[in-house]
């Protein structure tokens, strides 16, 4: 099909040069904590209980699901339909700089820096900066759908961040001051059917950089997270959005909230779609561990410094090292 990136050609050398291929074992599916956000609007006792559930899930799992989140099923269905239309455009069109009128390198597939099979990702994505959305004039249906989604998900991300900040003693104005609307971004993901699904990942193991990531995934299994010393699969819930803690929130919380590794496995027969919203600060926002009792776990840094370090690691090692680069305990 002319819309598929040349996955097999790019992956072929890794498969040929790997003397022993470790197949990904099947993992047990689990139900992430599911939190009903409508309880935030109930009496103070129910609200406090809901806030505690969010903080507990963030510290024990680093992942949770939210229902009654304020984004209509109509909007969620529309964004999947629009994704499918865009990703099913010819590959030669998708890689063209003028397609969608986005910033350079917004369309990505595989992993150009991969040095081995475990670093290769059998997926394609459009990374869309909030600043780029108004320029998508030639794709009005996609633009209006993204705008409707972003309008709701950005409010949700800010609300969740402020809720998580409360137990840490962080003032509610922190995110308003450090996360202006245009610093976050959206990623549309497509995971193509993969003939080597037992050997190749759709998205290699990683942690997210943002404060929070909010994901709408379809009904196809794929998301897995590393919890309790093992990989577990996240059972898709069509009524829920998946929320995970990023590196910046783990650093800000002084390690109380956990940014944990996760990945996406491939499927041999069907394609999978998801959309992720990354709640990010400005490049010069200062990330400093907050604690009234314990010493700081992480050094003070800016997002710009974090990004530069990540870029160096990816260029030199083929993968992100992440938050451990800024740990006081790093040898």
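The values are calculated or read from the model by the stated rules, or taken from the named source; none is laboratory data. Everything numeric in this text was worked out from a predicted model, so none of it was measured. Cβ atoms come from the backbone with ideal geometry, glycine included; neighbour counts cover every protein chain shown.
Kindly evaluate residue 82 against the criterion of being touching a helix residue (DSSP H, G or I) at 6+ places or on another chain (Cβ under 7 Å) and under 18 Å from residue 216 (Cβ atoms).
Details: touching a helix residue (DSSP H, G or I) at 6+ places or on another chain (Cβ under 7 Å): yes; under 18 Å from residue 216 (Cβ atoms): yes.
Yes: the conditions hold for residue 82.
Go through the stretch 52-73 and report how many residues are within 30 Å of residue 230 (Cβ to Cβ) and surrounded by fewer than 16 Cβ atoms within 10 Å (Cβ to Cβ). Walk me through how you get there before you give the answer.
Here is the first cut: in the stretch 52-73, the residues within 30 Å of residue 230 (Cβ to Cβ) are 52-67, 69.
Next, from what is left, pick out any that are surrounded by fewer than 16 Cβ atoms within 10 Å (Cβ to Cβ): 52, 56, 60, 67.
Looking only at that region, the number is 4.
For the stretch 156-227, which strands (runs of 3 or more DSSP E) that fit wholly inside it have 2 or more residues that are over 11 Å from the mean Cα position of the chain (by Cα) and touching a residue at least 60 places away in the same chain (Cβ under 8 Å)? Can you show your working first?
On the way: elements: 185-191, 201-206, 212-217, 223-227.
Those strands (runs of 3 or more DSSP E) span 185-191, 201-206, 223-227.
Is at least one residue of the stretch 308-321 more than 23 Å from residue 56 (Cα to Cα), in contact with a strand residue (DSSP E or B) (Cβ under 8 Å, 6 or more places away or on another chain), surrounded by 23 or more Cβ atoms within 10 Å (Cβ to Cβ) and at pLDDT below 95? Before you say what the answer is, go through the steps one by one.
In the first step, residues of the stretch 308-321 are kept if they are more than 23 Å from residue 56 (Cα to Cα); the result is 308-321.
Next cut, in contact with a strand residue (DSSP E or B) (Cβ under 8 Å, 6 or more places away or on another chain) only: 319-320.
The next check asks that each one be surrounded by 23 or more Cβ atoms within 10 Å (Cβ to Cβ); those that pass are none.
Within the stretch 308-321, none of the residues are more than 23 Å from residue 56 (Cα to Cα), in contact with a strand residue (DSSP E or B) (Cβ under 8 Å, 6 or more places away or on another chain), surrounded by 23 or more Cβ atoms within 10 Å (Cβ to Cβ) and at pLDDT below 95.
Please enumerate the residues belonging to the stretch 247-273 that are part of a loop (DSSP other than H, G, I, E, B) and surrounded by fewer than 23 Cβ atoms within 10 Å (Cβ to Cβ). Explain how you work it out, then say what you get.
First pass over the stretch 247-273, keeping only residues part of a loop (DSSP other than H, G, I, E, B): 253-261, 266-271.
Within the stretch 247-273, 254, 255, 256, 258, 260, 261, 267, 268, 269, 270, 271 meet the criteria.
How about the stretch 235-246: which of its residues are closer than 19 Å to residue 76 by Cα and either in a strand (DSSP E or B) or at pLDDT 95 or above (or both)?
First pass over the stretch 235-246, keeping only residues closer than 19 Å to residue 76 by Cα: 235-244.
Hits for the stretch 235-246 are 240, 241, 242, 243, 244.
Kindly check whether there is at least one residue in the stretch 317-324 that is outside any helix (DSSP H, G or I) and at positive phi.
So the first thing to find is which residues in the stretch 317-324 are outside any helix (DSSP H, G or I), and the list is 318-321.
Narrowing the set further to residues that are at positive phi leaves 318.
Yes, the stretch 317-324 contains at least one residue that is outside any helix (DSSP H, G or I) and at positive phi.
Which fully enclosed helices (runs of 4 or more DSSP H) of the stretch 1-115 have 1 or more residues being under 20 Å from the mean Cα position of the chain (by Cα)?
44-60, 73-87
Working only within the stretch 200-221, note down all residues that are within 17 Å of residue 110 (Cα to Cα) and out of contact with any helix residue (DSSP H, G or I) (no Cβ under 7 Å at 6 or more places or on another chain).
201, 202, 203, 205, 206
Taking residue 76 as meeting all but one of (1) more than 15 Å from residue 216 (Cβ to Cβ); (2) in contact with a helix residue (DSSP H, G or I) (Cβ under 9 Å, 6 or more places away or on another chain); (3) surrounded by 13 or more Cβ atoms within 10 Å (Cβ to Cβ), write down the number of the exception.
Checking residue 76 against (1) more than 15 Å from residue 216 (Cβ to Cβ); (2) in contact with a helix residue (DSSP H, G or I) (Cβ under 9 Å, 6 or more places away or on another chain); (3) surrounded by 13 or more Cβ atoms within 10 Å (Cβ to Cβ), the one that fails is (1).
So, in the stretch 179-217, of the ones that are in contact with a strand residue (DSSP E or B) (Cβ under 8 Å, 6 or more places away or on another chain) and surrounded by fewer than 19 Cβ atoms within 10 Å (Cβ to Cβ), which residue ends up modelled with the highest pLDDT? Steps first, answer last, please.
Let us first name the residues in the stretch 179-217 that are in contact with a strand residue (DSSP E or B) (Cβ under 8 Å, 6 or more places away or on another chain), namely 179, 182, 184-192, 194, 197, 201-217.
This time we only want the ones that are surrounded by fewer than 19 Cβ atoms within 10 Å (Cβ to Cβ), so: 182, 187, 197, 205-206.
Details: 182: 92, 187: 97, 197: 84, 205: 93, 206: 94.
My answer is 187.
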